[in-house]
Ligand SMILES: [Zn+2]
């Protein structure tokens, strides 16, 4: 089975309305946390910036949380703005739900396909693997990956998930020979 891999090329933008200029796009930019200690309770925020006017807003990661409940390595990561921690928090659906934003993956990911992959006997089986939770519509991903029209995709592809339903979970499909 051929592996296709979906992976991010940078962090996605956030669809988040700016309270100043009403723009709906924000970025984590270089990726910064702010940690605020109040006796033994900590607040942790992820800072994001409006793409239009540069206004900074704070996304709540932890609110009034006991210092002792933090893993020391993780807490250190917040203090030094660990890029991997920025990525994992930003991509955590809980943070998005809590702070009411969605991720804008436009131009922030790519599809890696092994070269010469269709030089083999039909039908061909492909397994799509997601290294990052990029939401894709299987129909569009397959059309792009194989250079087929959407109609050809509908005719030649057998897929184990609905072709038109957006997903970020791995799936497999079979490409049938062209007539
Ligand atoms: Zn703004």
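Observations on the structure shown:
- Qualifying residue in the range 100-121 (condition: exposed (fewer than 12 other Cβ atoms within 10 Å of the Cβ), in a helix (DSSP H, G or I) and at pLDDT below 95): no
- Selection status of residue 83, under 21 Å from the mean Cα position of the chain (by Cα) and more than 16 Å from the ligand (Cβ to nearest atom): yes
- Test result for residue 64, within 16 Å of the ligand (Cβ to nearest atom), farther than 30 Å from residue 122 by Cα and loosely packed, with under 15 Cβ neighbours inside 10 Å: no
- Test result for residue 33, more than 15 Å from the ligand (Cβ to nearest atom) and surrounded by 12 or more Cβ atoms within 10 Å (Cβ to Cβ): yes
Rundown of residues vs (1) touching a residue at least 40 places away in the same chain (Cβ under 8 Å); (2) within 16 Å of the ligand (Cβ to nearest atom); (3) buried (at least 19 other Cβ atoms within 10 Å of the Cβ), yes/no style:
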| position | (1), (2), (3) |
| --- | --- |
| 25 | yes, yes, no |
| 29 | no, yes, no |
| 41 | no, no, no |
| 52 | no, yes, no |
| 60 | no, no, no |
| 73 | no, no, no |
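The values are calculated or read from the model by the stated rules, or taken from the named source; none is laboratory data. Quick caveat: nothing in here was measured; it's all calculated off a predicted structure. Please note: Cβ atoms are built from the backbone with ideal geometry, for glycine as well, and neighbour counts cover all protein chains shown.
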